[in-house]
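First comes the structure, then the notes that go with it.
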Amino acid sequence: MTSENLELSVTRLIDAPVEAVWTIATERMEEWWCPGPWTVKIVEQDWRAGGRSAMVMHGPNGEEMPFEGVLLEVTPGRRFVFTDALTAGWHPRGPFMVGTMEFTDEGGKTRFTGSARHWTREAYDQHKAMGFESGWAAVAEQLAALAEAER
């Protein structure tokens with residue numbers, strides 16, 4: 001265990017109420033979860049603590065990146081937390097991160113914050129090199145565009 005800060009995060013103010021952003025975030029993940037031109041196919045999102053989170057991200061050149069993990073926390077309208085350190089049924093596997101998506105009211109708008117905490121400096125550096133900031137900022141922008149179009 002390290003006391004070093006191994007968290008990456010992005011934030012975006014979305015001009016839509018938390019309830020609307022939450023609904024889009026949880027019910028329309030395939031429309032915003034991956035930065036374009038990548039897409040995602042949701043295999044399963046069991047929206048409860050311990051529920052399976054499984055998806056496959058598809059790249060423009062035929063790349064496939066499967067994700068298998070569990071939801072650690074689901075607080076409707078506030079946040080969801082997920083990890084790849086476990087699979088459904090609490091089966092351990094090689095950990096990379098714990099992700100958190102938070103939704104906070106700011107005067108009728110939504111402060112969206114997406115963060116990823118890593119177990120090791122190597123995982124942190126790898127995620128950063130993969131383009132965490134630009135990728136997760138693009139995802140936040142895609143979520144904002146969907147929510148703002150609905151108001």
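The values are calculated or read from the model by the stated rules, or taken from the named source; none is laboratory data. Note that this is a predicted model, so its numbers are computed, not measured. Note that each Cβ is placed from the backbone with ideal geometry, even for glycine, and that neighbours are counted across all protein chains shown. Side chains are part of the model used for accessible areas, which takes the heavy atoms of the whole protein and leaves out ligands, DNA and RNA. Shrake-Rupley method; radii C 1.70, N 1.55, O 1.52, S 1.80 Å.
Figures for the structure shown
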item: Subset of the stretch 75-90 (residues that are open to solvent by 30 Å² or more (accessible area, probe 1.4 Å) and at pLDDT 95 or above); result: 75, 76, 78, 79
item: Members of the stretch 15-36 that are in a loop (DSSP other than H, G, I, E, B) and within 12 Å of residue 150 (Cβ to Cβ); result: 15, 16, 17, 28
item: Residues within the stretch 68-93 that are farther than 19 Å from residue 17 by Cα and in a loop (DSSP other than H, G, I, E, B), tallied; result: 6
item: Residue list for the stretch 12-28, restricted to those being out of contact with any Gly (no Cβ under 8 Å at 6 or more places or on another chain) and either closer than 21 Å to residue 127 by Cα or among the aromatic types (Phe, Trp, Tyr) (or both); result: 12
item: Residue among 59, 135 that is more than 13 Å from the chain's Cα centre (by Cα) and open to solvent by less than 80 Å² (accessible area, probe 1.4 Å); result: 59
item: Residue among 89, 69 that is out of contact with any Phe, Trp or Tyr (no Cβ under 6 Å at 6 or more places or on another chain) and without any contact (Cβ under 8 Å) to a residue 24 or more places away in the chain; result: 89
item: Some residue of the stretch 121-129 being exposed (fewer than 12 other Cβ atoms within 10 Å of the Cβ) and either charged (D, E, K, R) or under 30 Å from residue 16 (Cβ atoms) (or both); result: yes
item: Residue list for the stretch 23-36, filter: out of contact with any Ser or Thr (no Cβ under 8 Å at 6 or more places or on another chain), modelled with pLDDT of 95 or more and either open to solvent by 30 Å² or more (accessible area, probe 1.4 Å) or hydrophobic (A, V, I, L, M, F, W, C) (or both); result: 23, 24, 25, 27, 28, 29, 31, 32, 33
item: Complete set of residues in the stretch 94-108 that are surrounded by fewer than 18 Cβ atoms within 10 Å (Cβ to Cβ) and part of a strand (DSSP E or B); result: 102, 104, 105, 106
item: Test: residue in the stretch 116-123 that is in contact (Cβ under 8 Å) with a residue 12 or more places away in the chain and part of a helix (DSSP H, G or I); result: yes
